[in-house]
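The values are calculated or read from the model by the stated rules, or taken from the named source; none is laboratory data. This is a predicted model, so every value here is computed, not measured. Here Cβ is always computed from backbone atoms with ideal geometry, including for glycine, and neighbour counts include all displayed protein chains. These area figures cover heavy atoms from the full protein model, side chains too; ligands, DNA and RNA do not enter into them. Shrake-Rupley method; radii C 1.70, N 1.55, O 1.52, S 1.80 Å.
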Amino acid sequence: MGLASRRILPITFFFNLLLNIAFLIYSGTLRFHFLGSASNQFTPHDAHAETHAHPAWTAQLAQQSTEPISFAMVMYGESSAKEGLLSLKTALMHISRPAEFHIICSPDAIPIIQGKLDLFSR
């Protein structure tokens, strides 16, 4: 590593750090409040405190969480059924809300799909 790059690397790191802090303060993500008139202690401001108190937002959030997510899957053939079951498993692993699955398949895919769906119970 050359002499010029040894000097530039710490300087660029320092300026990058300052720019990140300036952006966080400008965007309102990072705020500080003085605890006393002569105190040097800082406390970070909770930027999300106002959103929890908004009644319209909480009502909309409560309504969204009760509506189920609907999935429609079309599978024709054995390979499509295996791929669809992988998609079904992925969806079940990643959702946290109620879900509805509508599966349309060919007659040869029914035993493959039914074998995996029999593993589930309500």
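Scan (1) modelled with pLDDT under 90; (2) in contact with a strand residue (DSSP E or B) (Cβ under 7 Å, 6 or more places away or on another chain); (3) part of a helix (DSSP H, G or I) for the single condition Q63 breaks and write down its number.
Just one mismatch for Q63, condition (2).
Taking the residues in the stretch 83-98 that are within 20 Å of E67 (Cα to Cα) and surrounded by 13 or more Cβ atoms within 10 Å (Cβ to Cβ) as candidates, determine which candidate is nearest to the chain's Cα centre (by Cα).
The selected residue is A91.
Can you pull out the residues in the stretch 99-117 that are open to solvent by less than 70 Å² (accessible area, probe 1.4 Å) and either within 16 Å of V74 (Cα to Cα) or outside any strand (DSSP E or B) (or both)?
Looking only at the stretch 99-117, we keep the residues that are open to solvent by less than 70 Å² (accessible area, probe 1.4 Å), and these are 99, 101, 103, 105-106, 109, 112-113, 115, 117.
Within the stretch 99-117, F101, I103, C105, S106, A109, I112, I113, G115, L117 qualify.
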